[in-house]
Amino acid sequence: MDRHGHVRPLCVVFLSGELPAAADQIAEEALNARGFELFTLRPLEGSAAKLAPVGFDLGSRALIAYNVLITPASAHRDRVFADFEVEKAAHLLVNELEQAPTRLRVTVDCEQAEALAAGLLSPDDIVRLDADIAERRAEMTNDLPVLADLSRFKYRAKVELVSWQGQTAVKKTFRRTGLDAMARELAFLDDIAPHSHVPPRVLERTRNAIVFEHIENTLKTRRLLGFRLPIPLSLPHVRELADFVHLVTERGWDPIDLTPRDNVLIDGRTGRLRAIDFEFAHHSKTPVAPETSYFLAGVPADATVARPLNQAMELDPYPGKWRYFTGLSKRTFLKGPSWLQRIERMLVHPPWLAVRIGGALLRRRRHAARRDALLAAVAIREPSRITEDCRPPA
């Protein structure tokens, strides 16, 4: 624990000696993408015997990373990985590293990670680690009154409902490793907001934060058995969205992760369509064809752009992230007249939806089973024994 008696927000990743040196950079980038900042890459050497209870050939090195936005007290003890953020990091590591189940092990929660880190770090290392964590936490401190935490993910930033100059606003505070995302979002908003009511208005900007207007969203999400019910937007809102798509692509923008499933709202004050979160927006010097844009057609593997950690965006995101909520084919959404859109919504969408949902349920079940098996394979077992063996001497 740190000098205040708190569990440090750590994750420790062990890499087998069978992995090449290039795996170190891949692992660091995967951790970073899930909000974990690398503290050190430590060769195991004489520590291997001490750490033997992890049940894994530790013959190489360990990465020790921290995530200052983790709250260990909120851990889910009924999961293989008690900390959900650690679980997501472990899943990305599994996807990025070859033969991960036999070459990789990840701590399941912050308490286990701290016990293992204590066996790897010197007292001077611990002092430096605490200083780094304190510095990062200070950078993420919000000096405005916080009304609620709105963060969905905290990979690049935390999002909070705040009181700003007598009004309710939203403040997005970016990590040091997320300042490129902040720059992309501001560049998009500065160019598009003067021409459209859809993006949020920026009220204030600092070195690492943006304060936005607060949009009271009346677009309610309905779920059944854990699934979000695919209820289409109204046709007027679909047309507003199509107009916005044409505007941004004509101005050379590809807002890579814009989807009506994830970041489209309906403004409670005006009833108009709004959209938020443009951290991945990419700009070109020439107009972008909407039909082949990355946010409607997928991001090619060789594209040199920042991209969301979502495999659906590497394929065709339209069926799963757009069509459920437009009720239209891509062509009709972009170019269809209103009468054709109405007919397609009534006659074509219902059977398409029935077939799609049936397939989605099956794909989700298969994906969950495979994912859980991989996570169980890389999770470090017997945390109590590890804690006992690695606890530093009194």
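The values are calculated or read from the model by the stated rules, or taken from the named source; none is laboratory data. Bear in mind the structure is a predicted one, so any value in this text is a computation, not a measurement. Cβ coordinates were reconstructed from backbone atoms using ideal geometry, including for glycine residues, and neighbour counts include every protein chain displayed. Side chains are part of the model used for accessible areas, which takes the heavy atoms of the whole protein and leaves out ligands, DNA and RNA. Shrake-Rupley method; radii C 1.70, N 1.55, O 1.52, S 1.80 Å.
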Of the candidate values (1) 77, 54, 34; (2) 75, 50, 40; (3) 65, 51, 46, the one computed for Cα extents along the principal axes in Å from this structure is (2)
Considering only protein heavy atoms, with the full assembly of protein chains and a 1.4 angstrom probe, order 293, 151 by accessible area, largest first.
-> 151, 293
For the chain, what relative contact order do you get, as a whole percent, if you take Cα pairs closer than 8 Å and at least 6 residues apart?
-> 17
Once amide H atoms are built 1.01 Å from N in the peptide plane, which residues 5 or more positions from residue 40, or in another chain, come under 5 Å H to H?
-> 64
Among 366, 61, 239, the residue with the largest mean-square fluctuation in a Gaussian network model of the chain built from Cα contacts under 10 Å is 366
The chain, accessible surface, carbon-and-sulfur percent (1.4 angstrom probe) = 54
Go through region 166-182 residue by residue and turn each phi into a ³J(HN,Hα) via Karplus (6.51, -1.76, 1.60, θ = phi - 60°); whole Hz please, and just put x for glycine and proline.
-> x, 10, 7, 9, 10, 10, 10, 9, 8, 5, 4, 7, x, 5, 5, 5, 4
Most to least packed among 177-184, 267-274 [average Cβ atoms within 10 Å] = 177-184, 267-274
Residues of the chain: accessible area per residue at 1.4 Å, in Å²?
-> 48
Under the Karplus curve 6.51 cos²θ - 1.76 cosθ + 1.60, θ = phi - 60°, whole-Hz ³J(HN,Hα) for region 243-256, x wherever Gly or Pro sits = 4, 5, 4, 5, 4, 5, 6, 5, 8, x, 9, 10, x, 3
Given a Förster radius of 56 Å and the C-beta distance between residue 231 and residue 373 as r, what FRET efficiency does 1/(1 + (r/R0)^6) yield to the nearest 0.05?
-> 0.95
How far apart, in nm, are two points set 7 Å out from the Cα along the Cα-to-Cβ line at residue 191 and at residue 348?
-> 3.1
Which is the longest part of the chain that has none of the GluC sites (Glu not before Pro) sitting in a DSSP loop with at most 15 other Cβ atoms within 10 Å?
-> 217-394
What does the charge add up to near residue 352, with Lys and Arg as +1, Asp and Glu as -1, over the other residues with Cβ less than 11 Å from its Cβ?
-> +2
Among 364, 261, 156, the residue with the largest mean-square fluctuation in a Gaussian network model of the chain built from Cα contacts under 10 Å is 364
Region 229-376 shape via C-alpha gyration tensor axes, a/c threshold 1.5 = oblate
Accessible surface, 1.4 Å probe, highest first, among residues 323, 363 = 363, 323
Which number gives the lysine pairs in the chain that have C-alpha atoms under 23 Å apart and are eight or more places apart or on different chains?
-> 16
Residue-wise HN-Hα coupling along region 196-208, computed from phi with Karplus coefficients 6.51, -1.76, 1.60 (Hz; x: Gly, Pro) | 8, 7, 5, x, x, 8, 7, 9, 7, 9, 10, 4, 9
Estimate the FRET efficiency between residue 338 and residue 98 by the formula 1/(1 + (r/R0)^6), using the beta-carbon distance for r and 56 Å for R0, to the nearest 0.05.
-> 0.65
Across bins of 10 angstrom width beginning at 0, how are the C-alpha pair distances of region 104-212 distributed, in whole percent?
-> 12, 33, 29, 16, 9, 1
Residues meeting the amide H criterion for residue 204 (H placed from the backbone, H to H distance under 5 Å, 5 or more places apart or on another chain) are 211
Looking only at 260, 287, 20, which one moves most when the chain is put into a Gaussian network model with springs between Cα atoms under 10 Å?
-> 20
Helix-only [θ]222 nm of the chain, DSSP H runs n ≥ 4, -39500 (n - 2.57) each, per residue, nearest 500 | -11000 deg cm²/dmol
By the gyration tensor of its Cα atoms, with a ≥ b ≥ c the square roots of the eigenvalues, what is the shape of region 4-44: rounded for a/c under 1.5, prolate for a/b over b/c, or oblate?
-> oblate
